[in-house]
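The values are calculated or read from the model by the stated rules, or taken from the named source; none is laboratory data. Computed from a predicted structure; not experimentally measured. Using ideal geometry, Cβ is built from the backbone for each residue, glycine included, and neighbour counts are taken over all protein chains shown.
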């Protein structure tokens, strides 16, 4: 055996060993209503356990870790309190609530990641969740939780496109619409905009529910079907692909971009939201992690560089491929169908 270098320690690795703990603890706190209870008032341990109807031992363990993570505080009276971060993003019912993503992680993703050793060996996912069989039920359970995650970026897109200045009716094609967030933000920005939302039959009721809640029902139509076979319509001013290409893989993405090109009017804009990675695939870390998520859950999916997506867009006939900064992990990718 050789001794480890004196300037190298295992501390970082030891932190990684417990990397699963924070998201699971956050999900447990969301599930048991800890953040919701503390949004009403600071509470001591016994009171918090009584309000949440959970064990004092369990509440203490989770709440103390959340204090250590900076997601809860503890005042001079030893009462647990929210921090500005948890108050903004972990109280259910608030517009920016992110708690549903942790539920998705703990109940849908992590159980599948447990099989990563075998998946790496075979290259075969636990299931192809970008396909209607099995995939629709998977997405139906969490797409509404993604609304708040993408809404700020969608509003940034709406401000950039400024569709209100366009005379006459503006048609928007929202592909794999999910929660409807991209079409909704664009419709909210322009009273004469109408949206054609395309998704699987099991997912569209979720889209419709969010649209109805926001009072936009008269301006939405719905097309049920797989992206490969659904009728996209024609002469759209804007087409959105919000976090879709990563699950499709290169071959299916190239076909999808060409089909989207045909559905746009001359001068129309395609908008792509993705977790981009840099040209050397050395970062950012979120994109590299998500590539493994695609390995686990799709047959061909992955994460891509801007230049890769730009090449596919130009191959489909688009011009002026560009990036637009957005409050998201990666900028939006836009391109134009020449008029």
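One table, with the values for the structure above:
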{"read-out": "Residue 54, sole failed condition from (1) within 20 Å of residue 110 (Cβ to Cβ); (2) out of contact with any strand residue (DSSP E or B) (no Cβ under 9 Å at 6 or more places or on another chain); (3) surrounded by 15 or more Cβ atoms within 10 Å (Cβ to Cβ)", "value": "(1)"}
{"read-out": "Considering residues of the stretch 285-301 that are touching a helix residue (DSSP H, G or I) at 6+ places or on another chain (Cβ under 6 Å) and in a loop (DSSP other than H, G, I, E, B) only, the residue surrounded by the most Cβ atoms within 10 Å (Cβ to Cβ)", "value": "301"}
{"read-out": "Verdict on residue 145 being modelled with pLDDT under 95, outside any strand (DSSP E or B) and under 22 Å from residue 272 (Cβ atoms)", "value": "yes"}
{"read-out": "Residue match in the stretch 236-243 (condition: in contact with a strand residue (DSSP E or B) (Cβ under 8 Å, 6 or more places away or on another chain), over 19 Å from residue 261 (Cβ atoms), buried (at least 17 other Cβ atoms within 10 Å of the Cβ) and touching a residue at least 60 places away in the same chain (Cβ under 8 Å))", "value": "yes"}
{"read-out": "Sole residue being closer than 19 Å to residue 142 by Cβ, surrounded by 15 or more Cβ atoms within 10 Å (Cβ to Cβ) and in contact (Cβ under 8 Å) with a residue 40 or more places away in the chain, chosen from 89, 97", "value": "97"}
